[in-house]
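The values are calculated or read from the model by the stated rules, or taken from the named source; none is laboratory data. What you are looking at is a predicted structure, and each value in this text was computed from that prediction instead of being measured. Note that we place each Cβ from the backbone using ideal geometry, even for glycine, and neighbour counts take in every protein chain shown. The accessibility values were calculated without ligands, DNA or RNA, using every heavy atom of the protein model including side chains. Shrake-Rupley method; radii C 1.70, N 1.55, O 1.52, S 1.80 Å.
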Amino acid sequence: PYYVNRCAELLQGSGVLPSTVIGFPHGGQTTSTKIAESERAIADGAIELDMVINISAALSGRWQYVSDEIKAIVGLAHAHQRQVKVIFENCYLTDDQKQQLCEICCEIGADWIKTSTGFGTTGATMPDLELMLAHRKLPTQVKAAGGVRDLETLLKVREMGVSRVGASATPAILDPARQQLGLEPVEHQTNAGETG
């Protein structure tokens with residue numbers, strides 16, 4: 001979040017939207033703190049907010065608290081024409097809890113429901129994506145974060161109905177895509193600083 005303002009400046013006119021996180025990585029901040037984070041991010045130029053639910057509250061069955069918090073952040077963002085991805089962190093939740101979150105987020109009007117932060121024990125799994133897609137209602141969309149490491153998996157989750165994917169395996173996804181489209185390959189920097 002500290003870099004949102006600089007990011008927004010650098011991306012201005014590029015077509016790439018600046019975004020940031022709210023309540024990262026475990027969602028344990030108070031609702032008032034998440035609201036303050038959201039207000040600051042919006043003021044600094046963030047177009048999309050990725051908000052982590054209060055995982056502890058969800059695990060404790062405090063669904064009204066979870067719902068009120070999501071509603072506060074989504075309402076604030078939408079009032080400023082911003083979008084919100086609500087991150088569940090599925091690796092810690094039961095299927096019933098994931099379904100409950102899908103229903104809450106869709107009723108509130110979250111723009112995306114998202115599998116994970118990247119800090120949990122697993123990222124997106126096929127069973128989780130199937131569950132989320134089965135229990136979401138449009139216009140709420142599903143984002144797979146983590147676990148998509150190649151073009152084949154990317155195309156599979158897109159075919160399932162996932163509209164966004166967060167992945168750190170960018171070369172492993174984009175290089176085969178470029179090859180299929182007959183585009184020039186891109187040289188990559190290795191960790192040692194050599195061109196690979």
ASP68 being assigned to a strand (DSSP E or B) and either within 16 Å of the chain's Cα centre (by Cα) or closer than 23 Å to GLU107 by Cα (or both): no
Matching residues, the range 80-108, being open to solvent by less than 70 Å² (accessible area, probe 1.4 Å), part of a helix (DSSP H, G or I) and not basic (Lys, Arg): ASN90, CYS91, GLN97, GLN99, GLN100, LEU101, CYS102, ILE104, CYS105, CYS106, ILE108
Residue within the range 8-31 that is closer than 22 Å to GLY118 by Cβ and of a type in the set (D, E, K, R) present: no
Selection within the range 2-34 - under 14 Å from VAL74 (Cα atoms) and loosely packed, with under 12 Cβ neighbours inside 10 Å: SER32
Answer residue from the range 121-135, given it is buried (at least 20 other Cβ atoms within 10 Å of the Cβ) and either of a type in the set (S, T, N, Q) or assigned to a loop (DSSP other than H, G, I, E, B) (or both) and is modelled with the highest pLDDT among those: ALA124
Flag for GLU37 being over 16 Å from ALA110 (Cα atoms), buried (at least 19 other Cβ atoms within 10 Å of the Cβ) and of a type outside the set (S, T, N, Q): yes
Residue satisfying condition, being at pLDDT 90 or above, of a type in the set (D, E, K, R) and in a helix (DSSP H, G or I), within set ARG158, ARG149: ARG158
Exclusive hit being on the phi > 0 side of the Ramachandran plot and either without any contact (Cβ under 8 Å) to a residue 12 or more places away in the chain or open to solvent by 60 Å² or more (accessible area, probe 1.4 Å) (or both), set GLY146, GLY118: GLY118
Verdict on PRO139 being in a loop (DSSP other than H, G, I, E, B) and out of contact with any Pro (no Cβ under 8 Å at 6 or more places or on another chain): yes
Criterion: open to solvent by less than 20 Å² (accessible area, probe 1.4 Å), over 26 Å from LYS34 (Cβ atoms) and either in contact with a Lys or Arg (Cβ under 8 Å, 6 or more places away or on another chain) or part of a helix (DSSP H, G or I) (or both) - qualifying residue of ILE113, ILE73, ILE173: ILE173
Hits in the range 15-33 - residues which are part of a loop (DSSP other than H, G, I, E, B) and either closer than 18 Å to ARG82 by Cβ or under 14 Å from the mean Cα position of the chain (by Cα) (or both): GLY15, VAL16, LEU17, PRO18, GLY23, PHE24, PRO25, HIS26, GLY27
